[in-house]
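Read the figures in this text as sums done on the coordinates, not as results from a lab. Bear in mind the structure is a predicted one, so any value in this text is a computation, not a measurement. Cβ placement follows ideal geometry from the backbone for every residue including glycine, while neighbour counts extend to all protein chains displayed.
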Amino acid sequence: MLKDIFIGLSQNQFLNNAAKKYGLKMGAQSVVAGTNIDEVIKSIKELNAHGISCTVDNLGEFVFKEEEATEAKEQILKVIEAIHEHNVDAHISLKPTQLGLDIEYSFCLSNLREIVDRANNYGIFVNVDMEDTGHLQPTFDVLDELSKEYDNVGTVIQAYLLRADEYLEKYKNFRMRIVKGAYKEPAEYAYQNKKDIDANFIKLIEWHLVNGKFTSIATHDHNVINHVKEFVKKNNIPNEQFEFQMLYGFRKDMQLQLAKEGYNFCTYVPFGNDWYGYFMRRLAERPQNLNLVAKQVLNK
Ligand code: FDA
């Protein structure tokens, strides 16, 4: 119920536009690493100092105008330059809709190609995040196209998808992030209850660890993390073959602990003015995150 309300709010374009004007509010500053490149580089340096690598997301949603998509592309290119210039341990995460997937496929592909090409010059990886099922096939199509020219690109498999195993097998030669899935999807396409999603998540992770290229296990779920730790030990899977990922600001102690234990750890670091949809989806996943809002309000 609460989940549906926050997912609904995340899709409200009017509130999204309004939020951009007022800077980070409502506790979003706890989970969004600033509004500009200087701030995000500072956050990356702090995480790198603890042995944690980063994937940087220049936040952006509801892009229906070419100028906005071009602006997003330019900003991501600047982030790539900044990663290179500051020599920080970081790569890029981006959403195809931000680069114009809802405007025209070929326009989005050309924007993405420019980004992947620039990143490739510096040996920087680009992860194409997965959005709702309406964008699933075009996102895989973009990946198919780019992989003909570049190998510094990968994507995400969402365990709630009924066909997730097919996608994972098809893309096993890509560096792949596996997640539970963040959008509201119909039963026609996705498992609806937590037990089924969790079971599929474990199944996909195990399969990819054994059969796939590099695996990013993106979750805050300690049960899954503990299971993976046991699984890799039992199956002699070396640490170089996988990493754990969590979102910036969540389970900070566990992030540090996993890095300290010697696991590859990567924090997903979002930044920018377009924080509203991202923040609402985090509240949808875990209404306890409302604590962040409450703390922020009380600290004022
Ligand atoms: P989930 O929310 O199911 O929580 C399981 C249990 O873990 C909870 O019951 C609780 O015990 C514990 N827990 C979780 N969060 C906690 C916290 N903050 N503090 C204490 N305990 C906590 N989705 C998508 O559709 N496309 C994408 O591209 C991505 N990309 C992505 C990158 C990264 C790095 C992450 C971490 C996640 C994504 N996601 C995503 C989001 C993902 O699909 C999913 O919605 C969220 O990660 C929430 O699911 P979890 O696996 O974290 O556990």
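Tabulated values for the structure
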{"item": "Inter-probe distance in nm under a simple model that places probes 7 Å from Cα toward Cβ, at Asn173 and Glu145", "result": "2.0"}
{"item": "Loop GluC sites (Glu not before Pro), the range 159-190 (other Cβ atoms within 10 Å of the site Cβ: 12 or fewer; DSSP)", "result": "Glu188"}
{"item": "Loop trypsin sites (Lys or Arg not before Pro), the range 99-163, which have at most 14 other Cβ atoms in a 10 Å radius of their Cβ (DSSP)", "result": "Lys148, Arg163"}
{"item": "C-alpha center-to-center spacing [the range 36-88, the range 93-171] in angstrom", "result": "17"}
{"item": "Cleavage-rule hits (GluC sites (Glu not before Pro)) in the range 224-291: DSSP loop, at most 13 neighbouring Cβ within 10 angstrom", "result": "Glu261"}
{"item": "Dipole in debye (nearest 20) - the range 35-274, about Cα centre, beta carbon charges: Lys, Arg +1; Asp, Glu -1", "result": "1080"}
{"item": "Rg/Rh for the range 35-274, where both radii come from Cα atoms and Rh is the Kirkwood radius", "result": "0.94"}
{"item": "Inter-label distance, nm, simple model (7 Å from Cα along the C-beta direction), Glu85/Asn193", "result": "5.3"}
{"item": "Rg/Rh ratio calculated on Cα atoms of the range 119-174 (Kirkwood radius)", "result": "0.98"}
{"item": "Sequence-separation-based contact order of the chain, relative, with Cα cut under 8 Å and 6+ spacing, percent", "result": "29"}
{"item": "Long pairs among Lys170/Lys203; Lys45/Lys213; Lys203/Lys229; Lys3/Lys65; Lys170/Lys213, criterion Cα-Cα beyond 18 Å", "result": "Lys45/Lys213; Lys3/Lys65"}
{"item": "Sequence-distant residues sharing a close amide H with His91 (under 5 Å, placed H)", "result": "Cys54, Thr55, Val56"}
{"item": "Descending semi-axes in whole angstrom, ellipsoid equivalent of the range 61-178, from the Cα gyration tensor", "result": "22, 18, 12"}
{"item": "Percent of beta bridges antiparallel (DSSP, the chain, rounded to nearest 5)", "result": "5"}
{"item": "Local electrostatic count, Glu149, Cβ distance below 15 Å [Lys/Arg +1, Asp/Glu -1]", "result": "-3"}
{"item": "Positive-end extreme of charge dipole, the chain - chosen from Ile197, Ser53, Val224 (charges on Cβ)", "result": "Val224"}
